[in-house]
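Written below as structure tokens is the structure these notes are about.
The numbers here are math on the coordinates, done by the rules we state, and not lab data. A quick note: this is a predicted structure, and the numbers were derived from the prediction, not measured. Every residue, glycine among them, receives a Cβ derived from its backbone with ideal geometry; neighbour counts consider all protein chains shown.
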Amino acid sequence: MHTVVIGGGIIGLATAYHLAREGAQVTLLDARATGLGASYVNAGWIVPAEAAPVPGPGVVLTSMKWMLRPDSPLYIRPSLHPQFLSFMFGMWRASNARDQRAGFAGHLALAEGSIESFDDYRADGMDFEMHSGGLLMAFTQRDNLDHHLTHLDLVKRYGLEPTVLEGDDVRVHEPLLSDAVEGGLFFPKERHVDPGALARALHGRLVAMGVEIVENAAVVAVERSGDRVTRVIAQGRSYAADAYLLAAGAWTGPLSRMFRVPLPVRPGKGYSIDVEPFGLRSATNLSDAKVAITPLSRNLRLAGTMEFGGLDENINQVRVDAILRAPAAYLRGWEPPTTPVAPRAGMRPMTPDGLPIMGRLGRLSNAYVSTGHGMLGVTLAPGSASAMTDLILHGTESSRLAPFTPRRFRGAR
């Protein structure tokens, strides 16, 4: 079976790999080079334990307060466009404990086995930096820690073995934490990778497997006959195939309209800044500030913020400065760098309920979608790729896909 994968981010690359590994002929199209944007600038975390959806209790009130602060962890650029308003109302409707818990459970099921999948990738010849130091969630606000404790039964169910660190126990675990940190949660099985190296490794393995990768090939038209897609047009070429997978990340929204199955995917801009190493034992989530810290061999990566606006990767220095200041409340001796830094921005694909959209694309018999993974692209990539490969090649719809069906949105029914 010949499958055209549209999108060369982590989800598209991983799914193309799983398809090719199962014997499919694969063509991957990307509007620019593969592995850019959010797939390059993210924190690189493989963290099922951190897979709760963004919408949750208190998000509505907090987001309204943060809208007034340009340096807040969440910034929403106001708009009266109907699509924007519908998206925001959907997000606020999903901001409750029941829906967040159900979404978390769905993410955990999809991510089961993901950590081991990265070992399989390396065993298959992919060379990328990976660390197994676990994940520490640090809290300066006790109520935030208490909220996360309500989900520990879920993560324990999936064998993630959390340790609750109260008071000074958190500083025994990580001596660099300041006295302002009230406590923490440590998950020993979580990992992190260099996300750029992971994307390059996947790209290289795909080429070695005979996958055709066409870069700088933006899809400009989709042709249909009845319930089938017959071809897509990109870079002046026509691509006919047996199946088509739309995995274009934050760009899925406008592209889905070409398939005449509009999906509510909006860009959530995030930033990352690479600075000098700081000596942390593990990846660390500054949970109240919403800043992720990733220790890599060559540097320390800070990543964070969520900015709802347009499809642009422009840098807002106010938000960059806020990320660089955030560790001072958590880490002893932290000072923002005095030498110039090179911040980068990427567009995360966000959905109203904070869950991916995966499955058949509307009523089309040979078109599929895998998008909307938000800040969990690396964590959910192997599970998503495996489930979508079974669906595309064998028609087997895994129960793990049920929470993420496109049919939950009106335009995709």
With labels modelled as points extended 7 Å from the Cα through the Cβ direction, what inter-label distance (nm, one decimal) is found for SER399 paired with ARG157?
1.2
In terms of Cα to Cα distance under 29 Å, which lysines are near enough to LYS156, apart from those fewer than 8 places away along the same chain?
LYS189, LYS290
When a/c reaches 1.5 or more, the comparison of a/b and b/c decides; with that in mind, is segment 92-184 rounded, prolate or oblate per its Cα gyration tensor?
oblate
Fewest Cβ neighbours within 10 Å first, please rank TRP45, TRP66 accordingly.
TRP66, TRP45
Calculated FRET efficiency for the pair VAL220/SER79, C-beta based, R₀ 22 Å, to 0.05
0.25
If you count, for each residue, the other Cβ atoms within 10 Å and average over each peptide, how do 302-309, 224-231 line up from highest to lowest?
302-309, 224-231
Output the peptides 357-365, 73-81 sorted from most to least packed, where packing is the average of other Cβ atoms within 10 Å over each peptide's residues.
357-365, 73-81
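Only counting other Cβ atoms within 10 Å, I'd like THR371, THR150 sorted with the fewest neighbours first.
THR150, THR371
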Running a GNM on the chain with Cα contacts under 10 Å, which residue among ALA51, ALA329, ALA105 ends up with the highest mean-square fluctuation?
ALA329
Going by a ≥ b ≥ c, the root eigenvalues of the Cα gyration tensor, does segment 279-413 fall in the rounded group (a/c under 1.5), the prolate group (a/b larger than b/c) or the oblate group?
prolate
